[in-house]
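Peer 1: Have a look at this one.
The values are calculated or read from the model by the stated rules, or taken from the named source; none is laboratory data. Keep in mind it's a predicted model, so treat the numbers as computed, not measured. We place every Cβ from the backbone using ideal geometry, glycine too, and count neighbours over all the protein chains shown. SASA here: full protein model, heavy atoms, side chains in, ligands and nucleic acids out. Shrake-Rupley method; radii C 1.70, N 1.55, O 1.52, S 1.80 Å.
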Amino acid sequence: MLPLVRLSALALLSSALCLASPAAAVPVTFDTNVLASCVLSLGTGGALGTSSDGGTKIGSEETGGAAAGITVISTGGRPTITVGAPSLSQKPGAYAGSPTVSVRYTSTGGANQPYTSGSTSYTSTNLLGDTLTINARAVDSDGFAAGSYRIQTQVTCQQ
């Protein structure tokens, strides 16, 4: 009977030790490092049309024209978007004019910039990005010679 008593005492001591020990615990953590980044994606390029007043204006809001669309994706804060001063980057050799070149834009992040020939910036109200719609035009009271034209502006984004 002695072995049975020893076995029962050992079982009782083992049960007491299990009940007296605290539950095992392990911390579970999740870490990250959010980097400030901003990515621009040209969704649609613009197109220029010609005004019906004798051709003194070429622009994206004229018949046959179309606005450009840019998507901004950002992390780490609200992005600051800069739209550079526009230029007439392509024109036919027969054109010797000096047009006034300008752009205007709106965005889902609160921008509403009227036509301007200078560089402009705004900080989006959208935390993770923005969508811009940009229009461009060139105006010359003497008109435009036949040929291909291109208005260009540079859009940048930073945090």
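Peer 1: Are any residues in region 24-54 assigned to a loop (DSSP other than H, G, I, E, B) and in contact with an Asp or Glu (Cβ under 9 Å, 6 or more places away or on another chain), and if so, which ones?
Peer 2: Matches in region 24-54: 48, 51, 52.
Peer 1: Here are some conditions: (1) open to solvent by 20 Å² or more (accessible area, probe 1.4 Å); (2) over 30 Å from residue 32 (Cα atoms); (3) out of contact with any Phe, Trp or Tyr (no Cβ under 9 Å at 6 or more places or on another chain); (4) of a type in the set (Ser, Thr, Tyr). Residue 56 meets all but one. Which one does it not meet?
Peer 2: Here residue 56 clears every test but (3).
Peer 1: Identify, from the list 36, 68, 47, 24, the residue that is out of contact with any helix residue (DSSP H, G or I) (no Cβ under 6 Å at 6 or more places or on another chain), among the hydrophobic types (A, V, I, L, M, F, W, C), under 19 Å from residue 152 (Cα atoms) and open to solvent by 30 Å² or more (accessible area, probe 1.4 Å).
Peer 2: 47
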